[in-house]
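Chemist: Would you mind keeping the following structure in view while I ask a few things?
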Amino acid sequence: MSSHSSKQVKRKTSDPELPSRFSMVRSFQLADFVTLGNGVCGCLSLMFAMKALITQNTDFLFTSFWCIPIGVLFDILDGRVARWKNSSSLLGQELDSLADFCSFGIAPAVLGFACGFQKMLDLVVLTYFVCCGLARLARYNATVAAMPKDSGGKVKFFEGTPIPTTLIIVGVLAYGVSCGKFWRFANPVYQHEGPFAVFSQAFTPEHVWGGEITLFPGYELHPLVLMYGVSGTLMISRRLRIPKL
C-alpha cells in the first residue's frame with residue numbers, strides 16, 4: 001500500500017501540467033528583487049516603530065525613519081534596472097505598487113501614530129491618508145496603459161503626487177523628534193496608574209509638536225496631523241499633473 005501511494009505521489013509531482021518548484025521566484029527579474037528591497041524597508045520601518053514604542057528608545061524610531069528614504073532609493077532603482085534590462089512585466093508592476101503601499105502608505109501613518117497622533121480624529125486623518133495612497137496606486141495600475149508616453153515608452157506625467165512624496169512627512173517627523181518636539185518620555189515612578197501611564201505622560205499636548213485643539217467636547221485633534229490629509233488629497237487629485245523625471 002505504501003509503495004503504491006508513493007508511486008502515485010511521484011507521478012503527481014512529475015505531472016507536466018504542474019508548475020516546477022519555486023517557479024514564481026525563478027520567474028522574478030532583477031528589477032523585481034530590487035522592488036522587494038523596497039518592501040523589506042517598509043516592513044522593517046513598521047517593526048522598528050513598534051519596537052520604539054515598546055522600549056521607549058529613540059534609536060529604534062530613527063532606524064524606522066531611515067528605512068523610508070532607503071525604500072525610496074530602491075523604488076528609484078527598480079525602474080531604472082527594469083529599463084536597463086528591458087524586463088518590465090505585469091508582475092513587476094503589481095509588486096512595485098504593493099511595496100510602495102507598505103513603505104510610503106502604511107509605514108508613514110504608523111510613524112505618525114508612534115510620534116503621538118493618537119487621538120480619535122488623528123486616527124481618522126491617518127486612515128484617510130492610507131486609503132488615498134491605496135486608491136492612488138490602484139488608479140495608476142488601472143490607467144497606466146492608456147496614459148501618454150514618450151518615445152521610450154515612459155509615462156510622461158503622474159496624475160496626483162506620487163506616493164513616495166510622503167517621504168516629506170517622514171522628514172518632518174524625524175526633524176521634530178530630533179529637536180525634542182515629539183517623544184519626550186518623562187519616566188517618573190508611577191504607582192497604581194496602570195501600564196499605559198508612561199505613554200499618556202509622553203503624549204500630552206505639550207509633548208506633541210503643535211499641541212492639540214478641541215473640535216467637539218471629547219474630540220481633540222493635533223493640527224500637524226493635517227499634513228497627512230493634505231498629502232492624501234494631493235495623491236488622489238486628477239487635475240494635478242506631475243512630470244515624470
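The values are calculated or read from the model by the stated rules, or taken from the named source; none is laboratory data. Owing to the predicted nature of the structure, the values given are computational and were not obtained by experimental measurement. Here the Cβ positions follow ideal geometry from the backbone for every residue, glycine too, while neighbour counts run over all protein chains shown. All accessible areas refer to the heavy atoms of the entire protein, side chains included, with ligands and DNA or RNA removed. Shrake-Rupley method; radii C 1.70, N 1.55, O 1.52, S 1.80 Å.
Chemist: Within segment 118-126, identify whether any single residue is out of contact with any Cys (no Cβ under 7 Å at 6 or more places or on another chain), of a type in the set (Asp, Glu) and open to solvent by 10 Å² or more (accessible area, probe 1.4 Å), and answer yes or no.
Modeler: Quick first cut of segment 118-126, residues out of contact with any Cys (no Cβ under 7 Å at 6 or more places or on another chain) only: 118-126.
With of a type in the set (Asp, Glu) added as a condition, the list becomes 122.
Subsequent filtering for residues that are open to solvent by 10 Å² or more (accessible area, probe 1.4 Å) retains none.
There is no residue in segment 118-126 that is out of contact with any Cys (no Cβ under 7 Å at 6 or more places or on another chain), of a type in the set (Asp, Glu) and open to solvent by 10 Å² or more (accessible area, probe 1.4 Å).
Chemist: Which ones in segment 156-197 are open to solvent by 40 Å² or more (accessible area, probe 1.4 Å), modelled with pLDDT of 85 or more and assigned to a loop (DSSP other than H, G, I, E, B)?
Modeler: Listed by number, the residues that qualify are CYS179, LYS181.
Chemist: Continuing with the same structure: For residues that are free of Cβ contacts under 8 Å to residues at least 40 places away in the same chain and in a helix (DSSP H, G or I), scanning just segment 220-245, find the one that is most open to solvent (accessible area, probe 1.4 Å).
Modeler: Just the residues of segment 220-245 that are free of Cβ contacts under 8 Å to residues at least 40 places away in the same chain, to begin with: 223, 230, 239, 245.
Going one step further and asking which of them are in a helix (DSSP H, G or I), we end up with 223, 230.
Working: PRO223: 47, VAL230: 87 Å².
Restricting to residues being free of Cβ contacts under 8 Å to residues at least 40 places away in the same chain and in a helix (DSSP H, G or I), the top hit is VAL230.
Chemist: Which members of segment 30-76 meet the condition of being of a type in the set (Phe, Trp, Tyr) and more than 12 Å from the chain's Cα centre (by Cα)? Write out each step before concluding.
Modeler: Going residue by residue through segment 30-76, those that are of a type in the set (Phe, Trp, Tyr) are 33, 48, 60, 62, 65-66, 74.
Once the filter is applied, which keeps residues that are of a type in the set (Phe, Trp, Tyr) and more than 12 Å from the chain's Cα centre (by Cα), segment 30-76 yields PHE33, PHE48, PHE60, PHE62, TRP66, PHE74.
Chemist: So, of the residues in segment 63-105 that are of a type in the set (Val, Ile, Thr) and open to solvent by 60 Å² or more (accessible area, probe 1.4 Å), which turns out to be nearest to CYS43 (Cα to Cα)?
Modeler: Taking segment 63-105 and keeping what is of a type in the set (Val, Ile, Thr), we get 63, 68, 70, 72, 76, 81.
Okay, now just the ones that are also open to solvent by 60 Å² or more (accessible area, probe 1.4 Å), so 70, 76.
Values: ILE70: 12, ILE76: 18 Å.
Applying the filter and picking the extreme gives ILE70.
Chemist: Further question: Which helices (runs of 4 or more DSSP H) does segment 47-143 wholly contain that include 3 or more residues that are farther than 23 Å from VAL208 by Cα? Talk me through it step by step, then tell me what you get.
Modeler: Numbers: elements: 58-85, 90-101, 107-114, 120-143.
So the answer is 58-85, 90-101, 120-143.
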